[in-house]
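Have a look at the structure below, then the notes.
No value in this document is a laboratory result; all are computed from the given coordinates. Being a predicted model, the structure only gives us computed values, none of them experimental. We place every Cβ from the backbone using ideal geometry, glycine too, and count neighbours over all the protein chains shown.
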Amino acid sequence: MRYLPSSPIEDRALLDTIGVPDAEALLVGIPEALRLKRDLDLPTQGSEQEVAWQMLGLANKNTRFCAQFLGAGAYDHFVPAAIDAMCSRQEWFTAYTPYQPEIAQGTLQHIFEYQTLICDLTGLEVTNASLYDGGTACVEAALMAVRVAKKRNTVLVSRGLHPLYREVLKTSFAAHDSLHLVEVDLKDGVTDPADLQAKLNGDVAAVLVGYPNFLGAVEDLAALAGPIHAAGALLVSVTQEAFAFGWFEAPGKAGADMACGEAMSLGNKPTFGGPFLGFLAVKDVHKREIPGRVVGQTKDLKGETGYVLTLTAREQHIRRDKATSNICSNQGLVALRANIFMQLAGPEGLRGLAEQNAAKAQYLRQRLLELPDMEPVDEQPFFNEFVLRYTGDYAALQEACLKESLLPGLDLGRFYPEYAGCILWCATELHTRQMIESLVEILARVPATV
């Protein structure tokens with residue numbers, strides 16, 4: 001717990017300064033239904049140790065899962081202890097942000113290394129320091145595409161893109177009066193080429209496609225790139241599971257002009273939803289429009305290698321109306337952990353981990369399909385997630401799993417009406433054969449619907 005002392009006099013001064021009568025007035029933006037109408041159920045007084053015990057007791061009421069089969073954008077992977085040890089070394093931390101290279105070489109070095117590795121994974125030439133998360137990375141890619149295309153103001157988005165990413169795009173891209181967001185339908189779990197072709201016109205600046213998509217299916221970027229480029233638009237691949245880069249062709253080599261998405265899986269835990277790590281990589285020809293910071297390598301007057309900010313087109317550096325972005329930021333610590341993870345794993349290690357994810361997902365799907373209530377939806381190739389139709393009661397399935405401390409897959413009906421009754425399952429390198437067999441045994445005991 002953080003120790004934040006303040007006296008009633010100081011509290012009053014703060015409230016007067018911002019012009020509100022009391023602390024309750026700060027909650028007006030929170031819906032009434034979500035507000036707690038009583039005091040916290042804690043002792044009126046107690047020592048720090050007693051309060052800590054009380055909080056620990058509350059924490060112990062949380063469900064602890066022995067296995068998680070839920071992915072959908074947040075993936076549980078093994079994080080080596082070396083990452084915690086190495087990321088806390090003092091040379092990576094400086095007193096301020098990287099604006100002054102003479103006192104920020106540690107920070108600049110690890111950002112430069114992170115950028116280099118992201119370029120290796122994506123097959124593109126330039127990437128920025130990092131972004132908030134996968135959703136805002138999509139927004140930055142869409143806005144950048146419009147700047148690159150100049151007179152084009154429409155972005156097409158495959159419905160196979162993460163539904164929450166699409167919501168962020170609606171909020172932060174489509175909210176601009178002059179910009180338009182149009183969704184492209186799915187066919188057999190992937191982007192429908194006929195619907196895409198019908199919606200490609202002279203106003204389209206870019207097309208965003210999941211790689212793999214939210215349903216776990218592998219989109220054929222090379223096939224999609226042909227008509228998209230023929231229409232004068234850019235192809236943007238969106239990857240929500242960074243481990244897929246260890247198994248897939250790099251998007252830049254498969255025809256993508258930009259690659260963005262979520263890199264949290266690299267050395268970071270989901271931790272109840274964040275912090276995440278957005279990435280955005282582009283072709284060299286488009287580097288002047290990339291948002292955020294770009295770190296470069298140089299030589300000082302003595303010929304020693306050094307690192308400096310090369311491009312910094314943020315609102316903090318130039319006039320706000322000339323900035324490439326007003327929301328991007330460097331997720332420094334999260335990016336550092338990803339950097340260390342990638343260097344510890346190396347190309348062969350990442351490939352091996354990706355193969356484990358793919359193999360265990362194949363085995364999980366095979367075992368689940370042996371149950372009478374599970375049916376295949378399509379036969380698209382996938383990475384570590386896949387969709388099965390469940391003819392039973394999902395609520396009963398979920399209850400049975402939770403009783404055994406297992407977290408089941410996602411009910412897709414929440415996001416896709418056409419996938420009502422379908423479950424998105426996930427497996428990673430953390431899933432053992434015993435975990436999968438335990439899941440199958442539990443599901444086999446769920447009563448059939450009448």
Worksheet entry | Mean Cα-pair separation over length for the chain, i.e. relative contact order, pairs under 8 Å, 6 or more apart, % | 19
Discussion item. Under a crude label model (7 Å from the Cα following the beta-carbon direction), how far is Glu24 from Tyr363 in nanometres?
Written reply: 5.8
Worksheet, complete the sentence: Here the membrane-span-like helices of the chain, with no claim about any membrane, defined by DSSP H, Cα axial extent at least 15 Å and mean Kyte-Doolittle at least -1.0, are 8-18, 48-59, 105-122, 134-149, 332-368, 433-444
Fill in: Estimated dipole of the chain in Debye, rounded to 20 [Cβ of Lys and Arg +1, of Asp and Glu -1, Cα centre]
900
Worksheet item: Percent antiparallel among DSSP beta bridges with both residues in the chain, to the nearest 5?
Response: 55
Practice prompt. Would you look at the GNM of the chain, springs on alpha carbons closer than 10 Å, and say which of Glu102, Glu219, Glu140 moves the most?
Written response: Glu102
Discussion item. If I model a spin label as a point 7 Å beyond the Cα along the Cα-Cβ vector, how far apart are those points for Asp84 and Thr63 in nm?
Written reply: 2.5
Fill in: Expected 222 nm ellipticity per residue - DSSP helices of 4 or more, -39500 (n - 2.57), all of the chain, to 500
-10500 deg cm²/dmol
Fill in: Burial order of peptide ranges 10-18, 128-136, 245-253 (average beta-carbon count within 10 Å, highest first)
128-136, 245-253, 10-18
Practice prompt. Could you point to the residue in Leu369, Gly303, Phe65 farthest towards the positive end of the chain's charge dipole, with +1 and -1 charges on the Cβ of Lys/Arg and Asp/Glu respectively?
Written response: Gly303
Response to the item:
If amide H atoms are modeled at 1.01 Å from N in the peptide plane, then the residues at a separation of 5 or more from Gln68, or on another chain, having amide H under 5 Å from its own are Leu407
Item to complete: Determine, from the Cβ-Cβ distance of Thr310 and Glu348 and an R0 of 30 Å, the FRET efficiency 1/(1 + (r/R0)^6), rounded to the nearest 0.05.
Response: 0.45
Fill in: Of Met264, Met55, Met86, the one that fluctuates the most in a GNM where the chain has Cα springs shorter than 10 Å
Met55
Item to complete: Please find, in a Gaussian network model of the chain (springs between Cα atoms separated by less than 10 Å), the residue of Leu186, Leu34, Leu368 whose mean-square fluctuation is greatest.
Response: Leu34
